[in-house]
Amino acid sequence: MRILVVGAGATGGYFGARLAQAGQDVTFLLREKRALAVEQNGLTVHSPHGDFHFQPNVLQASQLTGPYDLILLTVKSFGLEAAMKDIAPVVGENTMVMPVLNGMKHMETLSQRFGEHALIGGLCKINATLDADGHIHQMTPLHQIIYGELSGEKTERILKVDQAFQSAGVEAILSETIITDLWEKWLLLSSLGAITCTMRGNIGQVASAPGGTEFAQAIVTEALTTMKAFGYAERAAAVAKVREAVTDKNSPQTSSMYRDMMQEYPIEADQIVGDLVERATRVGISVPHLQAAYTHLCVYQKNYLKQ
């Protein structure tokens, strides 16, 4: 397949690099500053599975020629509109667009722009970051990517995607329940983000503080109630794992949004927490804890944007 990876941050850079390392036909679509840096220095991955360096194929939007068979979207949610504009000329009749973004709002946005048929579901689980030199650091061995047709069918095209990722030396999973998987990842991300950002500490610190466990449980309950109202078919075991994860007094876990706040970076407040608050308001569900968390995040965003 002809694969276009949009972005070379910690997520896109890592999984794109693994695909390229396996011999897949991979091109990275990058903004000018990142493109020039990668063209000059290549991509370096530091990983528990072995470090490697390579010179990827890099293009900027004006240089794209298509169509591509698979477009892997790995931008932050606030970069989605610009990314859609960039890839539009190379989305052909048979192109698959696989977003690996947070929340669920992007699925509706992409479907409206390119048609539901173009979309396949995707999510990843990896603890990785970029350093000041643009090197990718995988901090734990976890490198899981999950994908599937929205219908759950094992189509010929999704089997080709599966074949590509299975070759890449990562934990690749073809899911027949990708929509449910996406809801559950959002449940975890929104809970982690609301808890750690509002309380300005890791899960263990919050859970150990007076009222911390109750606050965390309330956040999960509000998010879960909202998601069920919009179609999430609850899987009890998955929800139990989320509740356990966000109330573990020994856990050093934070959310990526919290880490971005600590570095005064832009955050995905609207997509991870705000969208839940908006949905709850739309159907009359009371979410006071999520609302407080979202207000807190919006204050941070306004202060950040002034700088």
Between ALA236 and GLU264, what is the label-to-label distance in nm when each label sits 7 Å out along the Cα-to-Cβ direction?
4.9 nm
Students often forget the sequence filter, so: which lysines lie under 16 Å Cα-Cα from LYS85 once same-chain residues fewer than 8 apart are removed?
LYS76
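Of the DSSP beta bridges with both residues in segment 1-108, give the percent that are antiparallel, rounding to the nearest 5. The partial results should precede the final answer.
Working: 3 of 19 bridges.
Beta bridges within segment 1-108, antiparallel portion: roughly 15 percent.
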Compute, for the chain, the length of the dipole vector about the Cα centre, with Cβ point charges of +1 (Lys, Arg) and -1 (Asp, Glu) only. Units Debye, rounded to 20.
480 debye
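Mind checking the dipole of segment 56-160: about its Cα centre, +1 per Lys or Arg Cβ, -1 per Asp or Glu Cβ, Debye to the nearest 20? If you can, show how the numbers build up before the last one.
Details: 8 positive and 11 negative charges, 27 e Å.
For this selection, approximately 120 debye.
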Enumerate the amide H contacts of ASP25 below 5 Å, restricted to partners 5 or more residues apart or on another chain; note that Pro and chain-start residues carry no placed amide H.
ILE3
Give me the angle, in degrees from 0 to 90, between the Cα long axis of helix 212-229 and the longest principal axis of the Cα atoms of the chain, rounded to the nearest 10.
60 degrees
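Provide the FRET efficiency to the nearest 0.05 for the HIS137-THR281 pair, computing r from the beta carbons and using R0 = 25 Å.
0.05
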Nearest-ten-degree value, helix 156-166 long axis tilted from longest Cα axis of the chain
80 degrees
Work out from phi, with θ = phi - 60° and the Karplus expression 6.51 cos²θ - 1.76 cosθ + 1.60, the ³J(HN,Hα) of each residue of segment 23-34, listed in order in whole Hz, and give x for Gly and Pro.
x, 6, 7, 10, 10, 9, 9, 10, 5, 3, 4, 5
For the chain, the charge dipole (Cβ of Lys, Arg +1; Cβ of Asp, Glu -1; about the Cα centre) points to a positive end, and the Cα of PHE28, HIS137, TYR300 closest to that extreme belongs to TYR300
How far, in nm, would the chain grow between SER167 and ARG200 when pulled straight, counting 0.36 nm per residue and subtracting the alpha carbon separation?
7.9 nm
Filter on LYS154/LYS249; LYS185/LYS302; LYS228/LYS249 - keep pairs with C-alpha separation over 31 Å:
LYS154/LYS249
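Values in this text are rule-based calculations from the coordinates and carry no lab data. What you see is a predicted model; the values in this text were computed from it and never measured. Backbone-built Cβ (ideal geometry, glycine too); neighbour counts: all protein chains shown.
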